[in-house]
Amino acid sequence: IPLVLDAADCRLMLPLASYLGFCILLVLSLSVLNPKKAASEAPIIGMAILLLSFVPMSNVLFPVGTMIGERLLYIPSAGLLLTVVSLFFSCWRRGACLLWIACSLGIWRCALRVPEWKNSTSITTADGLTQRNSARVQFNLANVYLQAKKYDLALETYQRSINIDPTDHDALPLYHAGQILFFKGQHEDAVRYLEKAVNGFFSPLTIQEEEIWHDYALSLWFVQKPEASVLHFQKALAINPQFTKAMNNMACAAGLGAITGVLPRDYYQHAINALDQAVRLEPGNVLYWRNAVALMSAGGDESRAAATWQQLVAMDPQGATNPPRDCSWEFYFR
């Protein structure tokens, strides 16, 4: 949601109207106050509950460091309802019928809304289908589609989230859209999205930075940019030196590039060293052993390939069914 940056923004009318409404309720509550009638104290008590619970968290007196969500508005809402209902009966004794109608409408709305809170998927889907102009809500809906393997819907929704935020500050919609495009074989488009993602902002609590650099590097290989691919794999490993997925895929890129001649020959030994390190970190990962055998065989190092294959057969006979002929890439959605 774009920030309010100047007084000419028409969205300022909403908080001004809210504060004006609070002032009107306060004046009305004071006007009906009568020391001789205990019931007349209800409106001003409601206003006290509203103000004392709302003002400290309103960011007016001091920054509270959190968004004002529904979890912070339960107590102020109780005060507001007490004030409104009390004033209603004080000013119009015959308003019970209208009050019951309002309560009935509220119950009906709750009956429609409560099933949507069945679980995180149902509430995310319900909000995503109604709040089409919120980048965050659309991003969450796209995550639901991605988990359900509805890749076309997920891509469309990620792109909608990106279009709502034209500054491309949030890296995660760009990253996931790039992943889907890569999975669908649209590598040029994947590179375009992932390049923006590595320059965007994200929370390390949701995804590790090395994952974004890794997938960008992987997509670069498939658009015939092997040197840039290896370079960005190295950036991912600089962030996380024990990132075995990056070691494996960098080894495939460097090894295949050296064997086919698109990279200098010394890249071949770098590839073997990367796989050796990956195997040491995850000795039970059959994929890394098989890739080492594939690269050694393709590079003409038959003796080392045979010795490595025998080690794999001894370690995991089921995983060593047939000697590999090509390097296998490691990719999965986050």
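Every condition in (1) among the charged types (D, E, K, R); (2) within 16 Å of CYS252 (Cα to Cα); (3) touching a helix residue (DSSP H, G or I) at 6+ places or on another chain (Cβ under 6 Å) is met by ASP266 except one, and the failing one is (3). Please verify whether the range 318-333 includes one or more residues that are touching a helix residue (DSSP H, G or I) at 6+ places or on another chain (Cβ under 7 Å), closer than 25 Å to PHE233 by Cα, polar (S, T, N, Q) and assigned to a helix (DSSP H, G or I). Looking through the range 318-333, none of the residues is touching a helix residue (DSSP H, G or I) at 6+ places or on another chain (Cβ under 7 Å), closer than 25 Å to PHE233 by Cα, polar (S, T, N, Q) and assigned to a helix (DSSP H, G or I). Within the range 220-249, the residues that satisfy the criterion of being in a helix (DSSP H, G or I), open to solvent by less than 30 Å² (accessible area, probe 1.4 Å) and either of a type in the set (Val, Ile, Thr) or over 20 Å from ASN199 (Cβ atoms) (or both) are PRO226, VAL230, THR244, LYS245, MET247, ASN248, ASN249. Just one of the numbered conditions (1) open to solvent by less than 10 Å² (accessible area, probe 1.4 Å); (2) aromatic (Phe, Trp, Tyr); (3) farther than 30 Å from LEU172 by Cα is not true of TYR268: (1). Of all the listed residues (LEU281, LEU295), the sole one being free of Cβ contacts under 8 Å to residues at least 40 places away in the same chain and in contact with a helix residue (DSSP H, G or I) (Cβ under 7 Å, 6 or more places away or on another chain) is LEU281.
Has the range 191-211 got at least one residue that is surrounded by fewer than 24 Cβ atoms within 10 Å (Cβ to Cβ), acidic (Asp, Glu) and in contact (Cβ under 8 Å) with a residue 40 or more places away in the chain? Checked the range 191-211: at least one residue is surrounded by fewer than 24 Cβ atoms within 10 Å (Cβ to Cβ), acidic (Asp, Glu) and in contact (Cβ under 8 Å) with a residue 40 or more places away in the chain.
The values are calculated or read from the model by the stated rules, or taken from the named source; none is laboratory data. On a predicted model such as this, the values are computed, not experimentally measured, just so you know. Every residue, glycine among them, receives a Cβ derived from its backbone with ideal geometry; neighbour counts consider all protein chains shown. Please note that ligands, DNA and RNA were not included when accessible areas were found on the heavy atoms of the full protein model with its side chains. Shrake-Rupley method; radii C 1.70, N 1.55, O 1.52, S 1.80 Å.
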